[in-house]
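Following: one structure in C-alpha cells, then a few remarks.
The values are calculated or read from the model by the stated rules, or taken from the named source; none is laboratory data. On a predicted model such as this, the values are computed, not experimentally measured, just so you know. Neighbour counts run over all protein chains shown; Cβ positions are idealised from the backbone, glycine included. Only protein heavy atoms, including side chains, enter the accessible area calculation; ligands, DNA and RNA are left aside. Shrake-Rupley method; radii C 1.70, N 1.55, O 1.52, S 1.80 Å.
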Amino acid sequence: MTDKILTSQDGNIARIVFNQPEKRNAVSLEMWEAVEKALDAYKDDDAVRVLILSGAGGKAFVSGADISKFESERASAEAVAHYNATTKRVYDKVASFPKPVIAQIDGFCVGGGVALAVCCDMRICGEGSQFAVPAAKLGLGYPYEGLRRLTGVVGPSFAKEIFYTARRFSASEAYEMGLANRVVPDAEVEKYCTEYAEMIAGNAPLTVNAVKAIVNEVMKDESDRDLDMCARLVAECFASQDYIEGRRAFMEKRKPNFTGS
C-alpha cells in the first residue's frame, strides 16, 4: 500500500482517503491499485456497512490523473491500456460495491474526480466546492461507461452541458443538476458525512444493500437485468432476523439493533 491512499475504520464506517493534497489529490496508477485492494478488503468485511471516499487537505476531492506520472505510467500503448483497465476496474468496483458509498467532496472535483464521484451512491459537498470535466479542453475522448453513469445521475442535457462547456460548476449548480445530493458549509462536510453514514449504518443492512443492488439493476439495459436476484434479495429481507427485530422495536417504541442477519 502507498501512503498516498489512507484507510481507516471506525465502527461500521470505513474510509478511503486520497492523500496527495499538494497535487489536489491527483491519482497515480499506484494509488488506483491501492484503492482497489482496499475496496476488495472492505467488500468482504461484514463489520463495514458504509464506505466514505474523500480527499485529504480540504482543497480537493480528486482532481483527475497525476500528469507528472504519465511519462512513467502511460508512455506506451501497453502502459496506457494497463492504466485504463485499472481505473475502469476501480470505477466498476466502487459502483458495484455491495454497501452504500458516500463521496465526501471538499473543494475541487475535477475530471477523474467527477468520474469517481458518480460511481458513488451519494455526493455531499461544501458550499465552496467546484466541479468540472475539462475533456473538451484537452481533446480527450470519454468512455461509454463514464458517460452512462454521469447521465444516470444528472440526465442527458446536463451531462452534455458539463462536457460541451468544460467549465467549472459551483456547488449550487451541481445541486440543481442532481450531481450533489447535499451542499453544506465547508467546515461541516466531514462531520455531516460521518453523521449521515452513521444514520445509514444504523438501518437494516440487508434492506439498504438490497436497495442498492436493485437500483443498480434498474440502471442497466432491460435485457441485462437480473430480476430473479432482485426478488431473492427482497425475500431474504422478509426472512431475516432483522425483519423480526424491526417489527419488535417498532412495537416496543425503541431503537432497533440490526445485525445484518
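Miscellaneous remarks
- Verdict on residue 133 being touching a helix residue (DSSP H, G or I) at 6+ places or on another chain (Cβ under 7 Å), crowded, with 16+ Cβ neighbours inside 10 Å and among the hydrophobic types (A, V, I, L, M, F, W, C): yes
- Condition check for residue 180: within 16 Å of residue 110 (Cβ to Cβ), open to solvent by 30 Å² or more (accessible area, probe 1.4 Å) and touching a helix residue (DSSP H, G or I) at 6+ places or on another chain (Cβ under 9 Å): no
To keep it simple, each residue is scored yes or no on (1) within 30 Å of residue 45 (Cβ to Cβ); (2) touching a residue at least 24 places away in the same chain (Cβ under 8 Å); (3) of a type in the set (Ser, Thr, Tyr); (4) surrounded by fewer than 21 Cβ atoms within 10 Å (Cβ to Cβ).
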residue: 85; (1), (2), (3), (4): yes, no, no, yes
residue: 113; (1), (2), (3), (4): yes, yes, no, no
residue: 142; (1), (2), (3), (4): no, no, yes, yes
residue: 167; (1), (2), (3), (4): no, yes, no, yes
residue: 185; (1), (2), (3), (4): no, yes, no, yes
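- For region 6-59, a residue qualifies if it is surrounded by fewer than 22 Cβ atoms within 10 Å (Cβ to Cβ), within 26 Å of residue 129 (Cα to Cα) and β-branched (Val, Ile, Thr), and the qualifying residues are 7, 13, 16, 17.
- Of all the residues in region 208-226, those that are at pLDDT 95 or above and basic (Lys, Arg) number 2.
- Candidates in region 99-111 are the residues that are of a type in the set (A, V, I, L, M, F, W, C) and more than 19 Å from residue 187 (Cα to Cα); of these, the one that is surrounded by the fewest Cβ atoms within 10 Å (Cβ to Cβ) is 110.
- Tally, over region 199-216, of residues that are more than 17 Å from the chain's Cα centre (by Cα) and of a type in the set (D, E, K, R): 0
- Scanning region 199-220 for residues that are touching a helix residue (DSSP H, G or I) at 6+ places or on another chain (Cβ under 7 Å) and among the hydrophobic types (A, V, I, L, M, F, W, C) yields 200, 204, 206, 208, 210, 213, 214, 219.
- Residue that is modelled with the highest pLDDT [pool: residues in region 42-100 that are more than 20 Å from the chain's Cα centre (by Cα) and basic (Lys, Arg)]: 69
- Among the residues making up region 204-226, those that are within 20 Å of residue 46 (Cβ to Cβ) and open to solvent by less than 50 Å² (accessible area, probe 1.4 Å) are 204, 205, 208, 209, 210, 212, 213.
- Screening residue 201 against (1) in contact with a Ser or Thr (Cβ under 8 Å, 6 or more places away or on another chain); (2) crowded, with 17+ Cβ neighbours inside 10 Å leaves a single unmet condition, (1).
- Residue within region 26-42 that is out of contact with any helix residue (DSSP H, G or I) (no Cβ under 8 Å at 6 or more places or on another chain), in contact (Cβ under 8 Å) with a residue 24 or more places away in the chain, closer than 24 Å to residue 201 by Cβ and basic (Lys, Arg) present: yes
- Residue 128 being modelled with pLDDT under 95 and either at positive phi or open to solvent by 20 Å² or more (accessible area, probe 1.4 Å) (or both): no
- Scanning region 1-34 for residues that are in a helix (DSSP H, G or I) and touching a strand residue (DSSP E or B) at 6+ places or on another chain (Cβ under 6 Å) returns 31, 34.
- Test for residue 90: is it within 23 Å of residue 153 (Cα to Cα), touching an Asp or Glu at 6+ places or on another chain (Cβ under 6 Å) and not in a loop (DSSP other than H, G, I, E, B): yes
- Some residue of region 227-236 being open to solvent by less than 90 Å² (accessible area, probe 1.4 Å), farther than 28 Å from residue 148 by Cβ and either assigned to a loop (DSSP other than H, G, I, E, B) or modelled with pLDDT of 95 or more (or both): yes
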